[in-house]
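Chemist: Encoded as structure tokens, here's the structure I'll be asking about.
The values are calculated or read from the model by the stated rules, or taken from the named source; none is laboratory data. Source: prediction; values computed, not measured. All Cβ positions, even for glycine, are placed from backbone atoms using ideal geometry, and neighbour counts span all protein chains on display.
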Amino acid sequence: MSETISYLLMAWSDPNLLLLTALGTFAGIYIGAIPGLSVTMAVSILVSFTFSWEVNSALALIVGIYIGGVYGGSRSAILLNIPGAPSSVATAFDGYPLAKLGEAGRAIGLSTVMSVIGGLAGTLVLASAAPVIGDMALKFAPRDYFLIAALGLLLVGSLAEGSLAKGVFAAALGTVIGLVGMDPVTAQGRFTLGQVELMGGIHYVVVMIGLFGVAEAFYQLHSLDVPAVRQQVTKIIPSVAMVLKFLPLSLRTAVIGVLVGALPGVGGDIAALMAYDHAKRTVKKPSRPFGQGAYEGLVAPETANSAAVGGAYVPMLTLGIPGDAVTAVIIGALVIHGLNPGPMLMVESPHIFWFTVGNLALANIFLLVFGLMGIKLFAKLVELPKAMLIPLILVLCVVGTYSINSSMTEVYWMLGFGLFGYFLKVFGFQMGPVILGVILGPMMDNSWRQAMASVGDNPVELLGELLSNPVSLILTVGITLILLGKTPVSGWLKKKCKCTPVTH
Amino acid sequence: MLKKLLVGLTLAASAAGFSLAAHAAYPERSIQAVIPWGAGGATDNVMRSLTPYVEKELGGKVILNNRPGGTAVIGTSYVLGQQPNGYTLLLGAENPQLYPVLGLAKFDYSALYPINLIGQNVAVIAVHADSPWNSMADLMAAAKANPGSLRMGGAGAGALPSTVHAMISAVDQLDVREVTFGGDGPGITALMGQHIDFMPLSLAAAKELIRTGKLKALAVVSTEEIPELPGVEPISKTLPAIADYLPWGPFWGVWVHKDTPDDVKQKLTAAYAKAVATPEFQAFLKNYGAKSLNLSGDEASQFLNRWQSVTTWSMYKAKAIDIAPDSVGIAKP
């Protein structure tokens, strides 16, 4: 027991580790804020960089970057409508409208506090229930991943402002973009036009930067003569009353974040979108309508994507299976440092587990400090004259895209998507559903084919599994209810329920 | 005009002199090394462990750059398209040897020069802990009793599971449903969750889970027992005919453009040979469940040819590929 506590406090008491965690968190915020520079990339560079270090020092820096980076994506999402990472796509839905209302500072303050709450909740779950959740994550079969992806695609209903038809079209378009590249089963090219560059598909961050960043920059050309909104920079730190008011929502979405994050192969991006959808369904009286600067629309995804970090560590530390791309690289780092990440890690190197837990908590404390620092300066970014802001956005987009795979082809694609996204915007299409399709399309494709191959391409057998397996059944019923809830059937059912007592 | 010409000539001459000098002092700037697989994968882990020792031997920086996608086609074609000056290395795995027969690309490793074949992994047939089978014979019997109903985890055309499956099919019958995952990791997850019945895996990926009893190894794809998995039978015990294709396993190596100057090739070969031989890296390979090869030059080319011939012909025999290996210039083993 006393050993556990000493591992837990290792990062808190060693000045070296303390400094490295702080440094990582600080750097992470800015790496995360620049679209294209990703936590995965930063961590994989660090693995080489910290090769000769002690494993604890390397892990401290990595944990800091991870926590800071996931949060940092919200900065650019709120200020510029460009999510710094796919996990911040949902943050932009209400974050950017808040900045347009002159509340960028308050939005950043609120998102910081909520990220920390989510991060700490995720860490707590990791510390207290990791083995249980790790085993639970294994229960999800390919068909369940398919159902989760399908559930995710239903979010189009919440994301499509105005016209559902346009939303469905945008999501379908995104799905097709996501399918470009080699077929995962047969290795044949799909929609590649015979180009080697397209064999690996179109990276979803490329699409995201184009649609959000460049399209936004072009769109701002429409309002060159409109003066920028003055930002209120007082009261940026949310009051205790405000935090308490959103705490129930925050805790609910933290649970979504941890659970989705713990599923191998599903990460913060999907968790955040699901949390946003959850907020939209359950909050009856938001502070403002969703999509127009509702605080709830900011709280939900920010809590969920930070909570997903703790979730992603669950399968990594208990089973040696990565929960997402970042934990995959961390597993590599452990291997390189001569450790054996696997089910025995917690027994043979217990310090790694408790050190990580303590370090995650520490990084979240630093996040609170660094996140609330310098907000005034950042909020002023929105007040920059357009002549400076637009070129700045474009440069950031190009640099960020090039850094993903050092590929100029991807930069051209990104610019192409930017131009295309501009016209989509002009004609009233939403960007959210496109990204949703790009992320979830390939997941649906893969898991559907896995599910069908598992039952020998027999749909009846698949249907049987959907109804007999508890996990699948819950998901199936959930999807059915959501679908029916949007049709006249639900009104009819409600009426019938109300009428029945009367007739008796 | 004359002045311009003179300036041009002087510049050209100095550039030529400069590049000659550069050869003498290779590497005079940092070397870019392309890993055609994603961060955190097996190839990435091996290369990130090896590179610091190579840097020490070369006395220069090696910048690692992941260019994943298309079963490594993208990263490999990128290296083929660069200047043959030794400043772009390819740190890859076995896959390009299968491109011609899979129709993925026109080239294979004969388009590049092998600097070093670092190490080789061995494959194991793994099942989940609660599986009723305890040997390869049990699995084969179960597959024959219910043809086409066992679920085998795969990782796509040309990946390890489908190759091992092809070898087994080439000598016996193993009619199963192949469920394709995005790699070892997702496949192992599904195997532990009992959503598939068995999966051929690399020892590196499965070692820890077998050691801890989360997975069970039915057989090692080799002709004799291996020290890392004592008590696990070699696959040739149940399927003696498979011995023709063994030893077999995925491997990792370092390549440069074919037209790279010889002195650069030699310098790189010497540096990598020494780096792979360092006790620290050897210890890493051992812990990772891999066998050291450390081959270069003709030995490396022979190894590559044999591997390609054995693998493609077994795949063709098992009807896993449609393109005949000899039609793309691959001789029978």
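Chemist: Can you name the residue in region A:445-470 that is in contact (Cβ under 8 Å) with a residue 60 or more places away in the chain and in contact with a Leu (Cβ under 9 Å, 6 or more places away or on another chain) and, of all such residues, is farthest from A:Leu153 (Cα to Cα)?
Modeler: A:Ser454
Chemist: Going through A:Phe218, A:Phe191 one at a time, which residue ends up being of a type in the set (Phe, Trp, Tyr), more than 30 Å from A:Val309 (Cβ to Cβ) and without any contact (Cβ under 8 Å) to a residue 60 or more places away in the chain?
Modeler: When all the criteria are applied, what remains is A:Phe191.
Chemist: Of everything in region A:318-333 that's out of contact with any Pro (no Cβ under 7 Å at 6 or more places or on another chain) and surrounded by 24 or more Cβ atoms within 10 Å (Cβ to Cβ), which residue is farthest from the other protein chains (Cβ to nearest Cβ)?
Modeler: Per the stated criteria, the residue is A:Asp324.
Chemist: Another question, if that's okay. When you scan region B:143-174, how many residues do you find that are away from chain A (no Cβ under 11 Å) and touching a residue at least 24 places away in the same chain (Cβ under 8 Å)?
Modeler: The qualifying residues number 16.
Chemist: Have a look at A:Ala27, A:Ala58, A:Ala33, A:Ala22 and point out the one that is of a type in the set (Gly, Ala, Ser) and within 15 Å of the chain's Cα centre (by Cα).
Modeler: None of the others qualify; the one that does is A:Ala33.
Chemist: Could you pull out the residue among B:Thr71, B:Thr88 that is more than 18 Å from the chain's Cα centre (by Cα) and either away from chain A (no Cβ under 11 Å) or crowded, with 22+ Cβ neighbours inside 10 Å (or both)?
Modeler: B:Thr88
Chemist: If you go through region B:302-333, how many residues are in contact with a Leu (Cβ under 9 Å, 6 or more places away or on another chain) and either acidic (Asp, Glu) or not in a loop (DSSP other than H, G, I, E, B) (or both)?
Modeler: 8
Chemist: Residue by residue through region A:294-317, note down the ones that are under 10 Å from the mean Cα position of the chain (by Cα) and surrounded by fewer than 24 Cβ atoms within 10 Å (Cβ to Cβ).
Modeler: Answer for region A:294-317, where residues must be under 10 Å from the mean Cα position of the chain (by Cα) and surrounded by fewer than 24 Cβ atoms within 10 Å (Cβ to Cβ): there is none.
Chemist: Let me ask something additional. List every residue pair whose Cβ atoms sit under 6 Å apart, with the two residues 6 or more apart in sequence or on different chains, where the first one lies in region A:363-381 and is more than 12 Å from A:Glu103 (Cα to Cα) and the second, anywhere, is among the small types (Gly, Ala, Ser).
Modeler: Listed pairs, sorted by first residue: A:Ala363/A:Gly64; A:Asn364/A:Gly119; A:Phe366/A:Ala22.
Chemist: Given the criterion away from chain A (no Cβ under 14 Å) and either out of contact with any Leu (no Cβ under 9 Å at 6 or more places or on another chain) or within 18 Å of B:Asp108 (Cα to Cα) (or both), identify the matching residue among B:Ser296, B:Ser292.
Modeler: Going through B:Ser296, B:Ser292 in turn, just one is away from chain A (no Cβ under 14 Å) and either out of contact with any Leu (no Cβ under 9 Å at 6 or more places or on another chain) or within 18 Å of B:Asp108 (Cα to Cα) (or both): B:Ser296.
Chemist: If you don't mind, there's one more thing I want to ask. Can you tell which of B:Ala219, B:Ala190, B:Ala204 is touching a Pro at 6+ places or on another chain (Cβ under 8 Å), within 14 Å of chain A (Cβ to nearest Cβ) and over 17 Å from A:Leu317 (Cα atoms)?
Modeler: After ruling out the rest, the residue left standing is B:Ala190.
Chemist: A further question on this structure: Name the single residue, out of those in region A:453-466 being among the hydrophobic types (A, V, I, L, M, F, W, C) and farther than 13 Å from A:Pro184 by Cβ, that is nearest to the other protein chains (Cβ to nearest Cβ).
Modeler: Per the stated criteria, the residue is A:Val455.
Chemist: So for region A:275-290 (the condition being within 14 Å of another protein chain (Cβ to nearest Cβ) and modelled with pLDDT under 90), does at least one residue qualify?
Modeler: No: zero hits.
Chemist: Among the numbered criteria (1) under 25 Å from the mean Cα position of the chain (by Cα); (2) within 14 Å of chain A (Cβ to nearest Cβ), which single criterion is violated by B:Glu94?
Modeler: Among (1) under 25 Å from the mean Cα position of the chain (by Cα); (2) within 14 Å of chain A (Cβ to nearest Cβ), the lone unmet condition for B:Glu94 is (2).
Chemist: Name the residue that is farthest from B:Met167 (Cα to Cα), counting only residues in region B:233-276 that are assigned to a loop (DSSP other than H, G, I, E, B) and hydroxyl-bearing (Ser, Thr, Tyr).
Modeler: B:Thr260
Chemist: Give the residue that is nearest to the other protein chains (Cβ to nearest Cβ), with candidates limited to residues of region A:121-163 that are assigned to a loop (DSSP other than H, G, I, E, B) and not acidic (Asp, Glu).
Modeler: By that ranking, first place goes to A:Ala141.
Chemist: A further question follows. Tally up the residues in region A:94-137 that are of a type in the set (Lys, Arg) and surrounded by fewer than 24 Cβ atoms within 10 Å (Cβ to Cβ), please.
Modeler: Residues meeting the conditions: 1.
Chemist: May I ask you to say which residue of A:Gly64, A:Gly102 is farther than 28 Å from A:Val207 by Cβ and assigned to a loop (DSSP other than H, G, I, E, B)?
Modeler: Just a single option satisfies the conditions, and that option is A:Gly102.
Chemist: If you don't mind, there's one more thing I want to ask. Mind listing just one residue for me: the one in region A:275-314 that is polar (S, T, N, Q) and assigned to a helix (DSSP H, G or I) and, of those, farthest from A:Thr91 (Cα to Cα)?
Modeler: Checked region A:275-314; the qualifying residue farthest from A:Thr91 (Cα to Cα) is A:Thr282.
Chemist: Quick one: what pairs do we get from region B:249-265, first residue closer than 21 Å to B:Ala72 by Cα, second part of a loop (DSSP other than H, G, I, E, B) and modelled with pLDDT of 95 or more, C-beta under 6 Å, 6+ apart or different chains?
Modeler: Short answer, once both residue conditions are applied: none.
Chemist: In this structure, is B:Ala126 within 17 Å of the chain's Cα centre (by Cα) and either away from chain A (no Cβ under 13 Å) or at negative phi (or both)?
Modeler: So B:Ala126 does not fit the description; no.
Chemist: Any residue at all in region A:349-358 that's crowded, with 24+ Cβ neighbours inside 10 Å, of a type in the set (Ser, Thr, Tyr) and within 25 Å of B:Ala190 (Cβ to Cβ)?
Modeler: No; the residues of region A:349-358 include none that is crowded, with 24+ Cβ neighbours inside 10 Å, of a type in the set (Ser, Thr, Tyr) and within 25 Å of B:Ala190 (Cβ to Cβ).
Chemist: If B:Ala204 satisfies every condition in (1) in contact with a strand residue (DSSP E or B) (Cβ under 8 Å, 6 or more places away or on another chain); (2) more than 30 Å from A:Arg143 (Cα to Cα); (3) not assigned by TED's automatic domain parsing to the domain that holds B:Tyr316 but one, which is the exception?
Modeler: For B:Ala204, the failing item is (2).
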